[in-house]
Amino acid sequence: MSTIKHCLTVVAAVALVSGAAQANENLLELQDNSELWALQLGNYAGNRHSRLDQIDRDNVQDLRATWQFSTGVLRGHEGGPLYVGDGRLYIHTPFPNRVFALDIEDEGRIVWMYEPDQDPRVVPIMCCDTVNRGLAYADGRLFLAQADNTVIALSAEDGELLWSAKNGDHTRGESMTMSPLVVNNKVIVGNSGGEFGVRGHITAYNAETGEQEWRGYSTGPDSEVLLDPETTLMMGEPVGEADLGVSTWPEGEWEIGGGAPWGWVTYDPELNLIYYGSGNPGTWNPAQRAVDGEPADNKWSITVFARDADTGMAKWVYQKVPFDEWDYDGVNENQLIDVEMNGEERKGLAIIDRTGFGFLLDRETGELLVAEKFAPETNWATHYDMDTGRPVVDPDYSTFTQGTDVNTTDICPTAMGAKNMQPSSYSPDTGLIYAGINRICMNYEPHEVEYTSGQPYVGATLTMMPAPGDNGMEGRMGSFMAWDPVAGEVVWEVEERFAVWSGALTTAGNLAFYGTLEGYVKAVDIENGDELWRFKTPSGIIGNVNTFQHNGKQYIAVLSGVGGWAGIGLAAGLTDPEEGLGAVGVFSALEDYTKLGGVLTVFALPD
Amino acid sequence: MRTKQKQAAVVCAVAALALFMLAGKIAISNEEPRYRVEDGKVDDNIFRGYQAYTRACMACHGPDGVGSSFAPSLLRAAERRTFAEFARTVAEGQEIQPGQVMPSFSDDAFVMEHVSDIYTYLSARAAGDLGRGRPQRIEEDE
């Protein structure tokens, strides 16, 4: 260990001296070392896969908790621990966004803790809990996106604050929840606040100085979106028309047009492109986003962006849902996977999307290759038109067609999405994607809403119910599935009582791991989903299961601590609409299983 | 529509109205809440209260007042608090502990206009006169 530590110190020192070192070279090195877990998603491609195989199908039943650590924070704990080879785990918490360095060799002794001083008035504008999806690391520095829109860099060695940068304004409803990504010596981070009429943007800061290098907005004129209609591609062709980020909105609405890119960012070093999705358009009332009474695309909300990492210029865009009518926030992670399709090698990009569709795109051109339902109850669109790349919407479930102040019922999936932010895993051994899924539908009633700066700008109410029982999952609100991204088919699926809101992990030990809202960490056989091991942590899991090896021993580590949108929606259970008024919820209430509280649990095999 | 002056004027007027209503309600706070539920259908006050609740409160306090992992259940709120106390909490907000904050809604014209309806809705929920979900309005067709 001391050698690794020494080596890291040297690397960090060289980086500091030369100034020109590329942070991504450091990260590329770290991600290629299978003992480490240096990025929240495991690697730049977002695969959440580990080549470690000490823990495998034959011995996983012996896995036991070696130590636990309470973060002292009650809110929902998303994200997970980082291990960069220096004998410590680096973890974070929801607001107040504490950062801990914990000594692995001393069962989690606190080496240092950092707690920023933040205005608590940011808390009430964080619509779906004060979550944070974790730290980023590069060249001896840790990077954090604080709730109050401050991006900070800390020295990993001692937690000293190196720089801070202001990324937004909470009095306008902006906040931050995402985990930054470090690419080419830049810290890339987006804002949150899609329910407060913010204007989404993604920004690159210099990793050494905190100076802003570029910012690309999700809406507005091309010069601010960083898009060139003659060179930026859409479905393989140039976008063509200028300033669609203005013209596809009613007058001025793009300024409060949402598209907050609060999810995960992935990166292809060969193409030097970053990939991320923008969130839902401004108000949830589609009528207020129509132009001359007709649906308008509201570009570039719910759009996958491929941007040049150095300049921010958009290489291609793909709008998954033009003119959203369901809050199908488009931020889900873009997994970069190389696939064989019709005998041809393709650089693919796979998405298990909010919409209930699994997408496969060509990540060089943005061309749509596959769009198939992974959640069979999905009914808002019958299918995607593969020529135009647009969904074919079912008017029965179109909240715009049904109208303002009309309660459109039984739309699947719910606004939470058939999958929310919980990042999936891709195993290069099986070629499959593994993901936690929500099996929940909704009624959606849009209403007129007026914009007030810093106040919620929602404009629809929704009620949720479990997906219909004819999927063989009566009373179940979640599942964990293996998905074939090329065939567009579910390979296997296991039921869960609640939506599965935790990030998945696969390993070379032929295992897939995930957490449940009741608080179980589970290991299943990667071949068929058979459960092989489980452990109940003290609170529900909305964090991600990570793995690493230290001093020859493989560990599994996870943050538990229920919360997030799942905690808000499912705490007291859902009702069965068929039961009529006054029915006691026939579906399980999360509050019967778990309570709040952030805990890190670290597992290993016995010596 | 987004001029600040106009907003300020509206907020002032609503705040004054809310205070006025609040003063008026204190006198009747010991009486039975005034609402009508017939065959599971509800009067306009409850229905408006349901709508206002789902628009303004549900995001934290969960669907139908049942609470969430983020904020407590309000099912008993109307039983445990007088209307005056309830309205004051909504207007002023609360800081329970760092990181656990209820915002002040005094600047939110929509919420302040509907505080009384929300209280009525929660009263019907507390009394067990109204179950979960979107209620039907009495004579909804009209």
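Would you kindly state how much longer the chain becomes between A:THR311 and A:ASP58 on full extension, computed as 0.36 nm times their sequence separation minus their alpha carbon distance, in nm to one decimal?
Taking 0.36 nm per residue and subtracting the Cα distance, the gain is 86.2 nm.
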Pairwise centroid distance, computed over Cα atoms, of segment A:480-524 with segment A:150-193, Å: 30 Å
Pair A:ASN551, A:ASP32: separation of 7 Å Cα→Cβ label points (nm): 2.9 nm
Amide hydrogen neighbours beyond the local backbone of A:THR219, cut-off 5 Å, H modeled: A:GLY200, A:TRP300
18 Å Cα-Cα threshold exceeded, pairs from A:LYS166/A:LYS186; A:LYS299/A:LYS320; A:LYS347/A:LYS373: A:LYS347/A:LYS373
Relative contact order computed over chain A (Cα-Cα under 8 Å; 6+ residues apart), in percent: 15 percent
HN-Hα J in Hz across segment A:104-117 - Karplus 6.51, -1.76, 1.60, θ = phi - 60°, x for Gly and Pro: 5, 7, 10, 6, x, 4, 7, 6, 7, 9, 10, 10, x, 9
Neighbourhood charge, 14 Å Cβ-Cβ cut-off, centred on A:TRP163 and excluding it, Lys, Arg +1 and Asp, Glu -1: -2
Residue-wise HN-Hα coupling along segment B:62-71, computed from phi with Karplus coefficients 6.51, -1.76, 1.60 (Hz; x: Gly, Pro): x, x, 6, x, 7, x, 8, 6, 9, 8
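Sum up the charges of everything whose Cβ sits under 12 Å from the Cβ of A:THR461, counting Lys and Arg as +1 and Asp and Glu as -1, but leave A:THR461 out. Write out the running numbers ahead of the final one.
Numbers: positive: B:ARG55, B:ARG134; negative: A:ASP327, A:ASP405, A:GLU445, B:ASP64.
Charge balance in the 12 Å sphere: -2.
Rank these for me by crowding, A:TYR217, A:TYR267, going from fewest to most other beta carbons within 10 Å. Write out the running numbers ahead of the final one.
Working: A:TYR217 24, A:TYR267 27.
Fewest to most other Cβ atoms nearby, the residues stand as A:TYR217, A:TYR267.
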By average C-beta atoms within 10 angstrom, highest first, the peptides B:108-120, A:58-70: B:108-120, A:58-70
Long-range HN-HN contacts of A:ARG109 with modeled amide H, under 5 Å: A:ASP103
Cα shape, segment A:2-604, gyration tensor, a/c 1.5 rule: rounded
Rounded Å value of the spacing that divides the Cα centres of segment A:278-297 and segment B:86-121: 29 Å
Radius 12 Å from Cβ of B:ARG48, net charge of other residues (Lys, Arg +1; Asp, Glu -1): -2
Under 5 Å, built H, 5+ apart or other chain: amide partners of A:GLU213: A:ALA204, A:TYR205, A:ASN206
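Throughout, read-outs are computed from the coordinates displayed, never taken from laboratory work. Nothing here was measured: the structure is a model prediction, and the numbers come from that model. Counting neighbours? That spans all protein chains shown, and the Cβs are built from the backbone with ideal geometry, glycine included.
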